[in-house]
Amino acid sequence: MPLPLATGQDRKHQERLKEAAGGIPGHVAVIMDGNGRWAKRRGLPRIAGHNEGVNSVRDIVEACGQLGVQFLTLYAFSTENWKRPQDEVSLLMRLLLRALRDERDRLHQNEVRLRAIGDITALPQDVRDELSAAIDMMRNNTGLTLVLALSYSGRWDIAGAMRRMAHDIKAGVLTPESVSEQIVGQYLSTRDLPDPDLLIRTSAERRISNFLLWELAYSEMVFADEFWPTFRRKHLYAAIAEYQKRERRFGMVSEQVQQPSPNVHPLQRVLNSVAKL
Ligand code: FPP
């Protein structure tokens, strides 16, 4: 079944973004922050914020699919989150389990492919089972790839990559001289994912918090003021519009990266360059 199409104003908004210079980011990564504060401000328990956060996840996944984003990576549970009070950790795991069960069919119908990165072995067995069943079910889908970072941290992944490289060097499969950036990338859990084009962090905090440390080297970062439970597609559109205004130079100079895009109307190009001033 095809993805439900955006309608009305929403569709117009999406069309404008798709036509704009800068294009739709191929890989969007999100640090979903502020669930606890959202709940606290309403006099609710923290888990109520995580609960409402699932509704934001649903909306952002659907909007990303409609926009043609290819990869969406969500920081759902960090290695450090295990240090939270035990009851919050348990409730988060129950919530994850329920979300996987409740959303699985809808994601599948929407052609979403599911992936997970992180120390999955640390998750409770029922969560692991549900996760691998969902991944299996969606294995051959061709739409958006949704990557859940679970029990994940950038340092955890880099340390694991170094350990695996050391083993391979010891086994004679790899030589120290051949270790390049490309080789390191192949030892990470993100080896088959493109680097994120855009990182969004909600709740007005400006930190990376141990997320995709290697992969974010040249990502554009947008920090949104909304807490995650109130972050919905209109905020995503604003973040993408902000991304489209940025000039990505990858360490080069402006003239090297400016290529006239044949798909952009000359008048639009002038308007875009005025907007950048
Ligand atoms: C950060 O807010 C959020 C998390 C640690 C968990 C995110 C989880 C969800 C949105 C629900 C499950 C996700 C999926 C993919 C179904 P915080 O608790 O750190 O907020 P605070 O900084 O205000 O305390």
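Read the figures in this text as sums done on the coordinates, not as results from a lab. All values reported here derive from a predicted model rather than from experimental measurement. Every residue, glycine among them, receives a Cβ derived from its backbone with ideal geometry; neighbour counts consider all protein chains shown.
Numbers for the structure displayed
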| quantity | calculated |
| --- | --- |
| Least to most buried among D195, D136 (fewest other Cβ within 10 Å first) | D136, D195 |
| Inter-part distance where the stretch 57-107 and the stretch 128-207 are each reduced to a Cα centre, Å | 17 Å |
| Choice from Q109, Q186, Q258 with maximal GNM fluctuation in the chain (Cα, 10 Å cutoff) | Q258 |
| Per-residue Cβ neighbour rank within 10 angstrom, fewest leading, S180, S90 | S180, S90 |
| Residues with amide H under 5 Å from that of S151, placed H, sequence gap 5 or more | F77, S78 |
| Kyte-Doolittle mean at least -1.0 and Cα axial length at least 20 Å: DSSP H helices in the chain | 46-67, 86-109, 154-170 |
| K40, K83 arranged by Cβ crowding within 10 Å, fewest neighbours leading | K83, K40 |
| For F227, distant residues with modelled amide H under 5 Å away | S203 |
| The chain - percent relative contact order, Cα under 8 Å, separation 6 or more | 26 percent |
